[in-house]
Amino acid sequence: MGRYEKNFNMLSTSEQVKLKQSNVCVVGCGGLGGYIIEMLARLGVGNITVIDGDRFETSNLNRQLNANEENIGLSKALEAQKRVNLINSEISVKAIAGFVTERNVSALLEQHDVVVDALDNIEMRFVLETTCADLNIPLVYGAIAGWFGQVATILPGDYLLEKIYPNYQKGQSHQKKGAEQNIGNPSFTPALVASIQVSEVLKILINRGTLLHNRLLLIDLLNQEIEHISFNFC
């Protein structure tokens, strides 16, 4: 347990063991996903599935943790797997260098304790939410754009995304990407939002603390404002 001694007092020995036995799926290995995977590995989550069909591009270098000048053109998922193996060889990492689709999503997500949304595609976010509800798996949602970010924990059956994206219509190609396509992404917003997502994953796995359930955390780093929006599902 020497590797995790700095986790203790915050986590108990039994909670650390629970993390070792846990299965977490991270969908997206880019700006958010890279940081999420890193932190899960350092916490000691024992089984991590990473999914992404993209390859690194030069434009990723400004913010994506796993991007470097030597791996441009290589698979984001496989590079994430390599990095985790360097960080913590005790962890089992399953890398899927392909995209989540409506056809394969159930098979990819089943048997995980938590799924983490690190996508930049609104349509696929809805697919994740519906599938996680069907599989009875909590989903930790996060999104980033410029100075702004948001996080929520979606428990099975909540269907929170229809409240976050009330004007979204499936099949509208111009609506598939989030606001980051218009206002960009720096290096610091993904790191912050990913940290909050990981804290939500941790609380789910150890069954302790207050989740961002039925609430959306809104972060405005330009004006240093943080706001919660609460939703009524009655």
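Among 13-19, 110-116, 84-90, what's the highest-first ranking by average C-beta atoms within 10 angstrom per residue? List each step's numbers first, then the result.
Numbers: 13-19: 15.7, 110-116: 20.1, 84-90: 13.4.
Peptide ranking by packing, descending: 110-116, 13-19, 84-90.
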Item to complete: Would you kindly find the accessible area of Tyr165, with a 1.4 Å probe and non-protein molecules such as ligands, DNA and RNA excluded, rounding to the nearest 10 Å²?
Response: 50 Å²
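Under 8 Å for C-alpha pairs, at least 6 residues apart: give me the relative contact order for the stretch 1-146, rounded to a whole percent. Working shown, then result.
Values: 253 pairs, mean separation 36.2, N = 146.
About 25 percent, as a whole number.
Please sort 145-158, 67-80 by packing, taking for each peptide the average over its residues of neighbouring beta carbons within 10 angstrom, highest first.
Numbers: 145-158: 19.9, 67-80: 17.8.
The densest-packed peptide leads the list: 145-158, 67-80.
Roll a 1.4 angstrom probe over the protein heavy atoms and tell me the percent of accessible area of the chain that is carbon or sulfur. Provide the component values of the computation, followed by the final result.
Details: 5470 of 11460 Å².
Carbon and sulfur: 48 percent of the exposed surface of the chain.
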Worksheet item: Over the stretch 1-86, what relative contact order in percent results from Cα pairs under 8 Å that are six or more residues apart?
Response: 28 percent
Response to the item:
Descending accessible area (1.4 Å probe), largest on the left, turns Met124, Met39 into Met39, Met124
Worksheet item: Within a Cβ distance under 11 Å of Cys25, other residues only, what is the Lys/Arg minus Asp/Glu net charge?
Response: -2
Practice prompt. Let me know the shape class of the stretch 1-132, please: from the alpha-carbon gyration tensor, a ≥ b ≥ c as square roots of the eigenvalues, rounded when a/c is under 1.5, otherwise prolate if a/b is greater than b/c, or oblate.
Written response: oblate
Fill in: Options Gly209, Ser12, Ser22, ranked by Cα towards positive dipole end of the chain, top entry (Cβ charges)
Ser12
Fill in: Spatially proximal aspartates and glutamates relative to Lys6 (Cα-Cα < 18 Å; intrachain offsets below 8 disregarded)
Glu15, Glu38, Glu90
Fill in: Whole-number accessible area per residue in Å² for the chain, which is evaluated in the context of all protein chains at 1.4 Å
49 Å²
Worksheet, complete the sentence: So, over other residues within a Cβ distance under 12 Å of Gly209, counting Lys, Arg +1 and Asp, Glu -1, the net charge is 0
Worksheet item: Roughly how big is the stretch 36-184's charge dipole about its Cα centre, with Cβ charges of +1 (Lys, Arg) and -1 (Asp, Glu), in debye to the nearest 20?
Response: 140 debye
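The values are calculated or read from the model by the stated rules, or taken from the named source; none is laboratory data. None of the values given here were measured: they were computed from a predicted structure. Note that we place each Cβ from the backbone using ideal geometry, even for glycine, and neighbour counts take in every protein chain shown. These accessible areas exclude ligands, DNA and RNA; they are computed on the full protein's heavy atoms, side chains included. Shrake-Rupley method; radii C 1.70, N 1.55, O 1.52, S 1.80 Å.
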